[in-house]
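Asks: My structure is below; once you've seen it, I'll send some questions.
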């Protein structure tokens, strides 16, 4: 299709294809029209609706991730929805392989991975974390290789054009002209962005192009599309209004240094923390041993925190196995009436898989990246990427689950006799 074809209305449907659950929820929370997060890629989407699909491809092999994206594109591109590939703002995952499949059949791809609210910006085609180029930070410490030096490098060195910040900010008419010209030279255009206004300009310009021009970006780009679609619709009808606070199980599957401070903050408010060793989760012996430990932990307090104990030598390849083992132990003894706080996309997805959850209904955003959802059977679930949030993040996430929609947040133990 020509880039001069009639533009797609802003209100037209959008389909987001994510590579992990926390990213999928992050997008769903900022898209007012989204009412379903699908965990089964084969589930039929509703025509005309904005929906998010988690392919759970982050920890697959490169070939496996590419195959999942190719299947999703073949299944959903003919629907006429605008396609957005949710990419990690720090360029992790199988970005080049997935993007190559995602662009099949497209007339162009616009990439904008900035998330200004999290200090993640793009200038001169380079991702920066709080102003520091990504490859000069330790953000990839748990990854198997070095961080890419640019978005183009992360895309596998494919032919790209970088749309510099001055062009993004030059006004709608000039930006439209630059974007169309760039897409005529290269299939993929990487857009600089340092503010939400920059992302708003990019999103608006793409929406003036045919729907065959696809988007790739992080939660910041999804939020820009959400702002363009109109005021947020109320989702309180999706939230359960509990007669009394329910037990909450917090599962922390991230090795991010900030997680320890968040756990400490929550325990100061009365939560009980249990750290499971990697040896107990993965080592040979009685498989019931970690499950018994988890069962005892869940009985100890109305809010229980489970994490994986830190080890001196972190092995990135062990992380998926640890997440799966932790998820099995939690699911085996989780009370039916307990709600969940899950940090880290891998951990969140493994726990929900063990519970046979195939869809989530987004309720509200607790804070940037932390999303309150509900399962079909009424269980509350709050997810969040591992490295997001300040020291009070977990406390706020627990508070959201123990507060009825429409009421002011309360302390996690305000109505069950615990610490106030």
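Asks: Compute the angle between helix 257-267 and the longest alpha-carbon principal axis of the chain, please, reported from 0 to 90 degrees and rounded to the nearest 10.
Replies: Approximately 40 degrees, to the nearest 10.
Asks: Between residue 74 and residue 42, with labels modelled 7 Å along Cα→Cβ, what's the label distance in nm to one decimal, could you check?
Replies: 1.4
Asks: Counting pairs of alpha carbon atoms under 8 Å apart in space and at least six apart in sequence, what relative contact order in percent does the chain give?
Replies: Details: 889 pairs, mean separation 81.6, N = 420.
Relative contact order, the chain: 19 percent.
Asks: How would segment 32-116 be classified by its alpha-carbon gyration tensor: rounded, prolate or oblate, with rounded meaning a/c under 1.5 and the a/b versus b/c comparison settling the rest?
Replies: Rounded, since a/c falls under 1.5.
Asks: Of the listed peptides 63-75, 44-56, what is their order by residue-averaged count of other C-beta atoms within 10 Å, with the highest listed first?
Replies: 44-56, 63-75
Asks: Three principal axis extents, largest first, for the C-alpha atoms of segment 88-163, in Å?
Replies: Taking max minus min along each principal axis of the Cα atoms, segment 88-163 gives 36, 27, 19 Å.
Asks: How much of the calculated P(r) for the chain lies past 29 Å, in percent of all Cα pairs?
Replies: Of all Cα-Cα pairs in the chain, 43 percent lie more than 29 Å apart.
Asks: In nm², what is the average projected area of the convex hull enclosing the Cα atoms of segment 109-239?
Replies: 9.7
Asks: Taking the simple approach of a point 7 Å from Cα along Cα-to-Cβ for both residue 197 and residue 169, what is their distance in nm?
Replies: In this crude spin-label approximation the distance works out to 0.8 nm.
Asks: In degrees from 0 to 90, rounded to the nearest 10, what is the angle of the helix 319-333 Cα long axis to the longest principal axis of the chain?
Replies: Roughly 50 degrees between the two axes.
Asks: Can I ask one more? When DSSP beta bridges are limited to those with both residues in the chain, what percentage is antiparallel, rounded to the nearest 5? Display every interim value, and only then the final one.
Replies: Values: 19 of 64 bridges.
Antiparallel bridges: around 30 percent, rounded to the nearest 5.
Asks: Calculate, for residue 275 and residue 136, the FRET efficiency according to 1/(1 + (r/R0)^6) with r their C-beta to C-beta distance and R0 22 Å; round to the nearest 0.05. Each step should come with its number before you reach the end.
Replies: Working: r = 32 Å, r/R0 = 1.43.
So the FRET efficiency works out to roughly 0.10.
Asks: What angle do you read, to the nearest 10 degrees and between 0 and 90, between the alpha-carbon axis of helix 219-228 and the longest principal axis of the chain?
Replies: 70
Asks: Okay, moving on. Per DSSP H run of n ≥ 4, the term is -39500 (n - 2.57); total these for the chain, divide by its residue number, and report the mean residue ellipticity at 222 nm rounded to 500 deg cm²/dmol.
Replies: That comes out to -10000 deg cm²/dmol.
Asks: Given contacts defined as C-alpha pairs under 8 Å and at least six residues apart, what's the relative contact order of segment 77-216, whole-number percent?
Replies: Numbers: 236 pairs, mean separation 49.8, N = 140.
Relative CO of segment 77-216 lands at 36 percent.
Asks: Can you compute the equivalent ellipsoid semi-axes for segment 236-401, i.e. the square root of 5 times each eigenvalue of the Cα gyration tensor, sorted largest first and rounded to whole Å?
Replies: Whole-Å semi-axes of the equivalent ellipsoid: 24, 17, 15.
Asks: Provide the descending list of Cα extents for segment 14-228 along its principal axes, expressed in whole angstroms.
Replies: Principal-axis extents of the Cα atoms in segment 14-228, largest first: 41, 41, 30 Å.
Asks: Running a GNM on the chain with Cα contacts under 10 Å, which residue among 178, 34, 373 ends up with the highest mean-square fluctuation?
Replies: 178
Coordinate-derived values only; no laboratory data. These numbers come from a predicted model, not from an experiment. Virtual Cβ from ideal backbone geometry, glycine too; neighbours counted across all protein chains shown.
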